[in-house]
Structure formats: C-alpha cells, structure tokens
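In what follows, a single structure is set out as structure tokens and then discussed.
The values are calculated or read from the model by the stated rules, or taken from the named source; none is laboratory data. Fair warning: this is a prediction, and the values are worked out from it, not measured in the lab. For neighbour counting, all protein chains shown are included, and Cβ atoms are generated from backbone atoms with ideal geometry for every residue, glycine included. Areas reflect the complete protein model, heavy atoms only, side chains present, ligands, DNA and RNA absent. Shrake-Rupley method; radii C 1.70, N 1.55, O 1.52, S 1.80 Å.
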Amino acid sequence: MDFMKWLNSFGDLLYEVMSWLIFYPITLWRTVTRPLDAMRYSDLELRDSADEQFTDTLNPPLFLVLSLLLTQAIDVALGGGTNPIVAQKTGLAGFVSDDTTLLVLRLVLFSLFPLMMATRFVRAKRVKLTRQSLKGPFYAQCYACGPFALCLGIGVSLAHTRLPGAPVISALLVTGAILAYLTAETLWFAHHLPQRHWRALFNVIRAFVEGAVTAIALALLFVAH
C-alpha cells in the first residue's frame, strides 16, 4: 500500500515536471510579448482558490526559478567548464560548491529585483507593508523579472566567450533586457498607482538601483579573494 502511494506521488511529480516543457514556453511567450497582461493575470489568479490558480501557465516564482535554471544551463554550455564562483574555495564562495548552490545564489540575487519593485510599489501606493500586501506585487514582479533575468544572464555568459560577434550580441542583449524591463515596470507603475510616467519612472529606477546595488554587493562577497 505504501509502495502504491509512493508510485502515485512519483507519477504526479513526473507529470508536473514534464508539464513544464509545455507551460514554460507558453509563460515565457506571454511575459515577453505582453508583460503587463501577464502581471495583471497574476493579480487576478491570486484571487482564486489555491487549486484554481495558474492552471494555464506556470506560477510566477516557479517561472523565475526555471528561467534562472535555463540561464545556468546556457552558461555551462557556453562556458564549457566550471563556473569561477564554484571553482573558488575561499571566503563566502566556499558555500557555493556545486551547480545547485550556484542556482540558489542566482535566485537570491535576481529575486532582489521583484522584492525591491514590489516593496517600492506598496510604499508608493501608501498602504501598510505586510506579508499579504507584498505577495501580489511580488508575484507579478516575478513574471516581469523572468525574461529580464534570462536575457541578462545569456548576455553576461556570451561576454565571457570567444564566439564571433559575442561582445556585440552580449551588449545588445544586456541593454535590451534592462530597457525592456524598465519600460514594462514604468508602464505598470503608472497604470496601477496611478501616477504620471515620469513619477513612475523615478520609482522604478529607484527600486532597480536598490536591487542592483544589493545584488552586486552580495555577488562581490562571493567573488572577492
């Protein structure tokens, strides 16, 4: 009986993992082509019961995790070796001993952007910052951050290769990812608060800088000799 329960649980897990092959591209396409609709969709889905949420897409945090996993896989493929942080054994880098812990580090660093954007949104909305008031904006921000993290990660990985034209493609990917992310966020802030676009842009840049500075500071702790 216990074996059958385990077998059924394994079957559910297998289906869930394999379904990512279908629903990740669908979610990525929606967040790339219609980021504001995807973020609005996230807000609406959180109002449903737990078993009815995100039935035709991946939920936002999982989407961000898989985007970073794909980024890491591409980084390994392009780099052709062990990531320098994993190879380094001194200082805090000693805690990043394999690809799994490196993925956790990537997740922490990139999750700072949804966290800072969601926090800035709640404060600009002038509502009390609580776990509940932060959850909706954070989930929506994970949708916006997924394509940003993916393109930025690929761009940075390309910068460390010797492929023909890699520096140019890298610069275009990184610049495009940042501009597209800031544009989508500005439109989202301006629509939902509501506020003028220049004010929305100020809030977005402030949150982006806070997230970037914190992420860079943490990253430097792991790469410093």
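Quick look at the values:
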item: Residue in segment 13-42 that is most open to solvent (accessible area, probe 1.4 Å), counting only those that are of a type in the set (A, V, I, L, M) and under 19 Å from residue 191 (Cα atoms); result: 32
item: Test set (1) over 18 Å from the mean Cα position of the chain (by Cα); (2) under 13 Å from residue 118 (Cα atoms) - residue 190 fails condition number; result: (2)
item: Residues (among the basic types (Lys, Arg) and modelled with pLDDT of 90 or more) located in segment 133-181; result: 135
item: Residue check, residue 65 modelled with pLDDT under 90 and surrounded by 16 or more Cβ atoms within 10 Å (Cβ to Cβ); result: no
item: Filtered residues of segment 181-203 (kept if without any contact (Cβ under 8 Å) to a residue 60 or more places away in the chain and of a type in the set (A, V, I, L, M, F, W, C)); result: 182, 190, 198, 200, 201, 202
item: Selected residue [surrounded by fewer than 19 Cβ atoms within 10 Å (Cβ to Cβ) and within 16 Å of the chain's Cα centre (by Cα)] from 180, 217, 149, 184; result: 180
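For every residue, the table says whether it meets (1) more than 17 Å from residue 154 (Cβ to Cβ); (2) at pLDDT below 95; (3) among the aromatic types (Phe, Trp, Tyr); (4) not in a helix (DSSP H, G or I).
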site	(1), (2), (3), (4)
4	yes, yes, no, no
11	yes, yes, no, no
29	no, no, yes, no
48	yes, yes, no, yes
73	no, yes, no, no
86	yes, yes, no, no
107	no, yes, no, no
